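The values are calculated or read from the model by the stated rules, or taken from the named source; none is laboratory data. All values reported here derive from a predicted model rather than from experimental measurement. Methodologically, a virtual Cβ is constructed for each residue, glycine included, from the backbone with ideal geometry; neighbour enumeration extends over all protein chains shown. For accessibility, only protein heavy atoms count, side chains too; no ligands or nucleic acids. Shrake-Rupley method; radii C 1.70, N 1.55, O 1.52, S 1.80 Å.
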Amino acid sequence: SQTIHQWPATLVQPVGSPLSLECTVEGTSNPNLYWYRQAAGRGLQLLFYSVGIGQISSEVPQNLSASRPQDRQFILSSKKLLLSDSGFYLCAWSPGGETQYFGPGTRLLVL
Amino acid sequence: SQQGEEDPQALSIQEGENATMNCSYKTSINNLQWYRQNSGRGLVHLILIRSNEREKHSGRLRVTLDTSKKSSSLLITASRAADTASYFCARGFMDSNYQLIWGAGTKLIIKP
């Protein structure tokens, strides 16, 4: 069966520091991968998605970036965090573009 | 905009009652999905209904889709305390094979 992992679960970072969140999927190959951000009590905002290694589509221009160095690895990064980057970050995978399967999420607090 | 609306934003009912949540959208869809999110956790897929389907069931869940009204509803029958969560609808569109458009969700509280 397929599983999706995200780490860390919680992160507290100072403004201006770098960020690296990692997501890995097991038990499938060539998945579509997604990074979302969720503000408290709100819906999901799609940040990036990838349909293959090295293929990244950005939905929201901001100081975040994403990379897919391996088929089942998706990384969300920032060189300098802003206060507004605080939120709940969710990684998801999809076998073919319909149903999405989510990781447990990373709660990021930028102080 | 492809954004839609979900209502109500919040719903509080007694255990054992039925809960109904609604989702509307503005452009043609390929499918509509419902997900559940427990507080502080990831989302869990509940059910997918395609644009050529009108109703689907899964256990205590019943989803309807009315493409003429561009709306869907999720009914949870005989609610339980464990159903307390936020429920989101997500629309898959004809012109996008990869993306879903998400609503803001309905926060459901089941009172024991």
Study note, to complete from the structure: By residue number, the members of segment B:98-112 that are within 14 Å of another protein chain (Cβ to nearest Cβ) and in contact (Cβ under 8 Å) with a residue 40 or more places away in the chain are B:Leu100, B:Ile101, B:Gly103, B:Ala104, B:Gly105, B:Thr106, B:Lys107, B:Leu108, B:Ile109
Exercise for review: Quick one: count up the residues across segment B:40-62 that are closer than 18 Å to B:Ser28 by Cα and more than 14 Å from chain A (Cβ to nearest Cβ).
Suggested key: 3
Review point. Being in a loop (DSSP other than H, G, I, E, B), among the charged types (D, E, K, R), at negative phi and open to solvent by 50 Å² or more (accessible area, probe 1.4 Å), is that true of even one residue in segment B:98-109?
Key: no
Study note, to complete from the structure: Scanning segment B:70-94 residue by residue, those under 15 Å from B:Arg50 (Cα atoms) and surrounded by fewer than 22 Cβ atoms within 10 Å (Cβ to Cβ) turn out to be B:Lys70, B:Ser71, B:Ser73, B:Phe93, B:Met94
Review point. Among the residues of segment A:33-46, which ones are under 17 Å from A:Ser65 (Cα atoms) and either within 7 Å of chain B (Cβ to nearest Cβ) or open to solvent by 20 Å² or more (accessible area, probe 1.4 Å) (or both)?
Key: A:Arg37, A:Gln45, A:Leu46
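What are the residues in segment B:25-40 that are surrounded by 16 or more Cβ atoms within 10 Å (Cβ to Cβ) and over 14 Å from B:Phe93 (Cβ atoms), if any? Show your work before the answer.
Just the residues of segment B:25-40 that are surrounded by 16 or more Cβ atoms within 10 Å (Cβ to Cβ), to begin with: B:25, B:29-37.
Those that are surrounded by 16 or more Cβ atoms within 10 Å (Cβ to Cβ) and over 14 Å from B:Phe93 (Cβ atoms): B:Trp34, B:Tyr35, B:Arg36, B:Gln37.
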Practice item. Only residues that are more than 11 Å from every other protein chain (Cβ to nearest Cβ) and part of a loop (DSSP other than H, G, I, E, B): list them for segment B:68-97, please. Key: B:Ser68, B:Lys69, B:Lys70, B:Thr77, B:Ala78, B:Ser79, B:Arg80, B:Thr84, B:Met94, B:Asp95
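Among residues belonging to segment A:87-111 that are open to solvent by 40 Å² or more (accessible area, probe 1.4 Å), not aliphatic (A, V, I, L, M) and not in a strand (DSSP E or B), point out the one that is modelled with the lowest pLDDT.
Step one: of segment A:87-111, the residues open to solvent by 40 Å² or more (accessible area, probe 1.4 Å) are A:95-96, A:98, A:101, A:104, A:107, A:109, A:111.
Still in the running and not aliphatic (A, V, I, L, M): A:95-96, A:98, A:101, A:104, A:107.
Remaining after also requiring not in a strand (DSSP E or B): A:95-96, A:98, A:104.
Details: A:Pro95: 90, A:Gly96: 77, A:Glu98: 84, A:Pro104: 96.
This residue is A:Gly96.
Within segment B:2-24, track down each residue that is on the phi > 0 side of the Ramachandran plot and open to solvent by 70 Å² or more (accessible area, probe 1.4 Å). First the steps, then the outcome.
Within segment B:2-24, the first condition is being on the phi > 0 side of the Ramachandran plot, and the residues that meet it are B:16.
Selection gives nothing.
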Check your understanding: Could you list, in sequence order, the residues of segment A:68-86 that are small (Gly, Ala, Ser) and open to solvent by 50 Å² or more (accessible area, probe 1.4 Å)?
Key -> A:Ser84
Point to revise | Lone unmet requirement of (1) surrounded by 15 or more Cβ atoms within 10 Å (Cβ to Cβ); (2) among the β-branched types (Val, Ile, Thr); (3) under 28 Å from A:Thr10 (Cα atoms) for B:Val44 | key: (1)
**Study point:** Selection within segment A:58-106 - more than 24 Å from B:Ile101 (Cβ to Cβ) and in contact (Cβ under 8 Å) with a residue 60 or more places away in the chain
**Key:** A:Ser78, A:Lys79, A:Lys80, A:Leu81, A:Leu82, A:Leu83
Practice item. Give B:Arg91, B:Arg36, B:Arg60 a once-over and let me know the one that is under 23 Å from A:Phe102 (Cα atoms) and modelled with pLDDT under 95. Key: B:Arg91
